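One structure is given below, encoded as structure tokens.
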Amino acid sequence: MDQAVTGFRKIGGIAMNNFIRPLLPVTLLFILLTARLSDCGARGKKAVHQRDALKERIQGVTDSILLEVRDAFQKLRVAETNIHTAREALAQAKENFRITNLQYQEGVTTSTEVLDARTFLTQAEVNLHQALYGYRIAEAELKRAVGEM
């Protein structure tokens, strides 16, 4: 009851030295230890606060990693689409250049149109290389995000 009222914890002990010399007076040793429960409570609250802060930090890092992985995976999917599109554009540019060359050989078109077709073909090749490069970058970002690099 006084523990709740005073806010102190009491620990005591008794030692008796009567069993060795029964004719001598009894020697008593009494130890009383007290501690404020509020101190333990403050330390406990601090520990709980630190634990909660650590849990929040871990959750924040976890969320950040998940977001990074999702973003990297999305970039990889976009890069795959870009490669597919660039390959189709390259095939069309090659066909356009082939047809324009045939037309030039038949005298139906000018050398300027052949040069334009060649320029489009070169640009399509550059675009494909950029798409492949973008894929490699996205792949490396994904590996880094999942911890493989």
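Structure data summary
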| item | result |
| --- | --- |
| Any hit, segment 95-105, residues being of a type in the set (Phe, Trp, Tyr), out of contact with any Asp or Glu (no Cβ under 8 Å at 6 or more places or on another chain) and either surrounded by 12 or more Cβ atoms within 10 Å (Cβ to Cβ) or modelled with pLDDT of 95 or more (or both) | yes |
| Long-range neighbours under 9 Å by Cβ, at least six apart or interchain, first residue among the small types (Gly, Ala, Ser) within segment 132-149, second surrounded by fewer than 11 Cβ atoms within 10 Å (Cβ to Cβ) and modelled with pLDDT under 95 | 140/149 |
| Subset of segment 36-70 (residues that are among the charged types (D, E, K, R) and either on the phi > 0 side of the Ramachandran plot or without any contact (Cβ under 8 Å) to a residue 40 or more places away in the chain (or both)) | 36, 39, 43, 45, 46, 51, 52, 55, 56, 57, 63, 70 |
| Condition check for residue 19: out of contact with any Ser or Thr (no Cβ under 9 Å at 6 or more places or on another chain), of a type outside the set (A, V, I, L, M), more than 30 Å from residue 137 (Cα to Cα) and at pLDDT below 95 | yes |
| Test result for residue 117, closer than 23 Å to residue 136 by Cβ, modelled with pLDDT of 95 or more, surrounded by 15 or more Cβ atoms within 10 Å (Cβ to Cβ) and of a type in the set (A, V, I, L, M, F, W, C) | no |
| Of residues in segment 82-94 being touching a helix residue (DSSP H, G or I) at 6+ places or on another chain (Cβ under 9 Å) and exposed (fewer than 14 other Cβ atoms within 10 Å of the Cβ), the one farthest from residue 133 (Cα to Cα) | 92 |
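The values are calculated or read from the model by the stated rules, or taken from the named source; none is laboratory data. The model shown is predicted, which means the values in this text are computed figures rather than measured ones. Ideal geometry is used to build each Cβ from the backbone, glycine not excepted, and the neighbour counts take in all protein chains shown.
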